[in-house]
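Chemist: Structure below; questions to follow.
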Amino acid sequence: MAYATVQDLTDRFGEAELIALTDRADPPAGAVDATVAAKALDDASQLINGYLAGRYALPLASVPSLLVTLCGDIARYRLHTDSAEGEPKARYDDAIRLLKDISAGRMTLQAGGEEPAGGTTGAVRAVAPNLAFGGDAMADYR
């Protein structure tokens, strides 16, 4: 399941840009090719899941708006079949940087109370048994 929809892409980047990126018919149909856009969104979502899998139980119970934005930015970049420079490239780079921060635990998602995968937060916790000869146990031998 994709984190964003074709309508999310259209709302964010405009129908004209989406037509230019997805209409690959010969001759051009002059309309958004929803199949091409949906494939780009699915690919972007799989990439996002790769970063989230180590920290969150997937699929997420609810989709944070941040993931909708990141999914759209990644899909838009990937829809540029030539070279994506300027704003699409900058947004893509920012999206990947944020995903790396989420994966490393420097940033967390507000995902409707989702627990990290395996019930861990990435923090290290040490547990040791009580010491047999520590503190008060040795008080009588002084």
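Chemist: Could you tell me the calculated FRET efficiency between residue 93 and residue 25, based on Cβ-Cβ distance and R0 = 25 angstrom, to the nearest 0.05?
Modeler: Calculated value: 0.20.
Chemist: So how much accessible area does residue 5 have, in Å² to the nearest 10, using a 1.4 Å probe?
Modeler: 70 Å²
Chemist: How much accessible area does residue 91 have with a 1.4 Å probe, in Å² rounded to the nearest 10?
Modeler: 80 Å²
Chemist: Can you give me the % of accessible surface on the range 1-57 that is carbon or sulfur? Probe 1.4 Å, all protein chains present, nothing else counted. The partial results should precede the final answer.
Modeler: On the way: 1650 of 3040 Å².
C and S fraction of accessible area: 54 percent.
Chemist: Got a sec to turn the phi values of the range 49-62 into Karplus ³J(HN,Hα) couplings, 6.51 cos²θ - 1.76 cosθ + 1.60 with θ = phi - 60°, whole Hz, x for Gly and Pro?
Modeler: With the stated coefficients, the range 49-62 comes to 4, x, 7, 7, 4, x, 10, 10, 6, 10, x, 5, 5, 9 Hz.
Chemist: Between residue 108 and residue 81, what is the label-point separation in nm under the 7 Å Cα-to-beta-carbon projection?
Modeler: 4.4 nm
The values are calculated or read from the model by the stated rules, or taken from the named source; none is laboratory data. Every value quoted in this text rests on a predicted model; they were computed, and no experiment measured them. Positions of Cβ are generated from backbone atoms using ideal geometry, with glycine treated the same way; all protein chains shown enter the neighbour counts. Note: areas computed on protein heavy atoms with side chains; ligands, DNA, RNA excluded. Shrake-Rupley method; radii C 1.70, N 1.55, O 1.52, S 1.80 Å.
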